[in-house]
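Here the structure comes first, spelled out in structure tokens, and everything after it is commentary.
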Amino acid sequence: QVQLVESGGGLVQPGGSLRLSCAASGSILSINAAGWFRQAPGKQRELVAAITSIGSTNYADSVKGRFTISRDNAKNTVYLRMNNLEPEDTAVYYCNADIVPSRGLMITGLWGQGTQVTVSS
């Protein structure tokens, strides 16, 4: 089965940095568009950053200038570099992507299982 697996989360102090990775596995040709979302307990999931198949990016206002989304097509991986982290960034971060499989129709809106980011002193 095609899967997205996030990694790189953890505990960091305010002002610190983390880099999250989202790796696609299974019988796929490529990742099309992709995005990072986050969800704090009791709150709705929100879009943090998105990237198109050709590398165009968009960011939530709350993370502009601090977070950078990127991709490595050869590795079928999408990254989220997070700098100058704030306690308000604490959440489970999820990867979402449209996947072009080796066979069949494109898979849209595939979710990973999430990685916890905690920003606290």
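Candidates 13, 39, 44, 1: the one that is more than 13 Å from the chain's Cα centre (by Cα), within 15 Å of residue 112 (Cβ to Cβ) and not small (Gly, Ala, Ser) is 1.
Taking the conditions (1) exposed (fewer than 14 other Cβ atoms within 10 Å of the Cβ); (2) more than 15 Å from residue 9 (Cβ to Cβ); (3) out of contact with any Asp or Glu (no Cβ under 8 Å at 6 or more places or on another chain) in turn, residue 116 satisfies each one other than (2). For region 69-108, filtering for residues that are farther than 16 Å from residue 26 by Cα, without any contact (Cβ under 8 Å) to a residue 40 or more places away in the chain and surrounded by fewer than 16 Cβ atoms within 10 Å (Cβ to Cβ) leaves 3. Please determine, by comparing only the residues of region 82-115 that are among the hydrophobic types (A, V, I, L, M, F, W, C) and assigned to a loop (DSSP other than H, G, I, E, B), which one is nearest to residue 20 (Cα to Cα). Selected residue: 85.
Taken over region 1-55, the criterion of being β-branched (Val, Ile, Thr) and outside any strand (DSSP E or B) is satisfied by 2, 52, 54.
Bear in mind these aren't lab numbers, they're just calculated from the coordinates by the rules spelled out. Predicted model only: the values in this text are computed from it and were never measured. No Cβ is skipped: glycine too gets one built from the backbone with ideal geometry, and neighbour counts run over all protein chains shown.
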